[in-house]
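K.L.:
Sending over a structure as structure tokens; questions will come in a sec.
Every read-out reported here was derived from the displayed coordinates using simple, explicitly stated rules and does not represent laboratory data. Note that this is a predicted model, so its numbers are computed, not measured. Neighbour counts are summed over all protein chains in view; Cβ atoms, including those assigned to glycine, are modelled from backbone coordinates with ideal geometry.
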Amino acid sequence: MQVISSIPDFRKARSDLRGTLGLVPTMGYLHEGHLALVRRARLENDAVAASIFVNPSQFGPNEDFTTYPRDMDRDLSLLRVEGVDLVFAPSPEDVYPPGFDTWIEAGSVSQRLEGEHRPGHFRGVATVVAKLFNVVQPDRAYFGQKDGQQVAVVKRMVTDLDMDVDVVVVSTLRDPDGLALSSRNVYLTPEQRRVAPIIYRALCQARKLWEDGERSGESLRSEIRRTLEQEPLIEKIDYVSVADASSLEEVDTIRQPAMVSVAARMGRTRLIDNVLLG
Ligand code: PAF
């Protein structure tokens, strides 16, 4: 496995590969969710690249960029075991050299939900993902459904900018009690960790209502809020959404595939999760 930080060196290594290449973009501090993406990429491609880059431009000024968990040695050992061929691990200066001044402004799909609570987040995500696609030149790129809005934004960008990359979405991996795997789960205190699966339980209750025939977006949203509001350790609910799965516009009546999503704060941790309907 080659670990490369400079863009010219990565391009050289990429040009030596033959056959299809799958890319798993990450911010490191890898967990089983990331490894599921790598395994899927391994199955579907001749070679696999992973990127490890904590992207400063997708963090707001009061967010956790400096404290975001990092463990490069452990990440590299995990990727080696999975048979990854190339790791792209640039520095912020490699990605954003002095004078850098071109950004991808994702459209309306990026303005709602996370976009409302994390202004500029998807501008940072779209820009870095476009840069990663340009450098790595993958045939397929693998993203987790856990970040459902990120998937919608990246798909929109790939379509709108005619990028020649297949976006492959892999189901969310969960702990046995239902909590979606996330690098940020390490921030949870034991008490918060114990109650955090309530988010997935609330989403599953909403899905059950839908399976039983409920089609009102508002009924599902209220039911989820009612469940979450019963838990005192949930300090703030940023949003509860039942939205069209591709545009992420809130729906009154669920007819098309929909994404039910939640963002809620417990102490310093912001948890997001979603389930798909239809
Ligand atoms: O999902 C992530 O880890 C990041 O948002 C990504 C896609 C690697 C871009 O920095």
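K.L.:
At a threshold of 8 angstrom on Cα-Cα distance, excluding pairs fewer than six apart, so keeping six or more, what relative contact order does the chain reach in percent? Don't skip to the answer; put the middle values down first.
P.N.:
Details: 491 pairs, mean separation 48.3, N = 278.
The value is 17 percent.
K.L.:
Oh, and also: Run the quick spin-label model on Val186 and Glu235: label points 7 Å from Cα toward the beta carbon, then report their separation in nm to one decimal.
P.N.:
The two pseudo-label positions are separated by 2.1 nm.
K.L.:
Hey, what do the phi angles of the stretch 88-95 turn into as Karplus ³J(HN,Hα) couplings, whole Hz, using 6.51/-1.76/1.60 and θ = phi - 60°, x for Gly and Pro?
P.N.:
9, 10, x, 8, x, 5, 5, 7
K.L.:
What is the calculated FRET efficiency for Gln111 to Ser219, with r their C-beta to C-beta distance and R₀ = 22 Å, to the nearest 0.05? Before the final figure, lay out each step's value.
P.N.:
Numbers: r = 25 Å, r/R0 = 1.15.
According to the calculation, E is roughly 0.30.
K.L.:
Further, regarding this structure: Where the only charges are on Cβ atoms (+1 Lys, Arg; -1 Asp, Glu), what is the dipole of the stretch 151-267 about its Cα centre, to the nearest 20 debye?
P.N.:
Numbers: 16 positive and 20 negative charges, 89 e Å.
Dipole magnitude for the stretch 151-267 comes out near 420 debye.
K.L.:
Another one. Treating the chain as a set of equal point scatterers at the Cα positions, no solvent, please give the Debye-formula log₁₀ I(q)/I(0) at q = 0.07, 0.11, 0.16 Å⁻¹.
P.N.:
Rounded to two decimals, the profile gives -0.26, -0.64, -1.33.
K.L.:
Just add up the charged neighbours of Asp16: K/R +1, D/E -1, any other residue whose Cβ is under 14 Å from the Cβ of Asp16. Mind dumping the intermediate values first?
P.N.:
Working: positive: Arg11, Lys12, Arg14, Arg18; negative: Asp9, Asp46, Asp85.
Charge balance in the 14 Å sphere: +1.
K.L.:
Just going by the charge dipole of the stretch 105-190, with Lys and Arg at +1 and Asp and Glu at -1 on Cβ, which of Val186, Val151, Val165 is farthest out on the positive end?
P.N.:
About the Cα centre, the residue reaching furthest to the positive side is Val186.
K.L.:
Under a GNM of the chain (C-alpha, springs under 10 Å), which listed residue has the highest mean-square fluctuation: Pro56, Pro90, Pro232?
P.N.:
Of Pro56, Pro90, Pro232, the most mobile in the Gaussian network model is Pro232.
K.L.:
If you line up the long axis of helix 72-81 against the longest principal axis of the chain, both from Cα atoms, how many degrees apart are they, to the nearest 10?
P.N.:
It is inclined by approximately 80 degrees.
K.L.:
In deg cm²/dmol, rounded to 500, what helix-only [θ] at 222 nm does the chain give when every DSSP H run of at least 4 residues adds -39500 (n - 2.57) and the total is split over its residues? Before the final figure, lay out the partial values.
P.N.:
Numbers: 10 runs with 102 residues, N = 278.
Helix-only estimate at 222 nm: -11000 deg cm²/dmol.
K.L.:
I've got another one for you. When the Karplus curve 6.51 cos²θ - 1.76 cosθ + 1.60 is applied with θ = phi - 60°, which whole-Hz ³J(HN,Hα) does each residue of the stretch 188-202 get, with x for Gly and Pro?
P.N.:
With the stated coefficients, the stretch 188-202 comes to 5, 6, x, 5, 5, 4, 5, 8, 4, x, 4, 5, 5, 4, 5 Hz.
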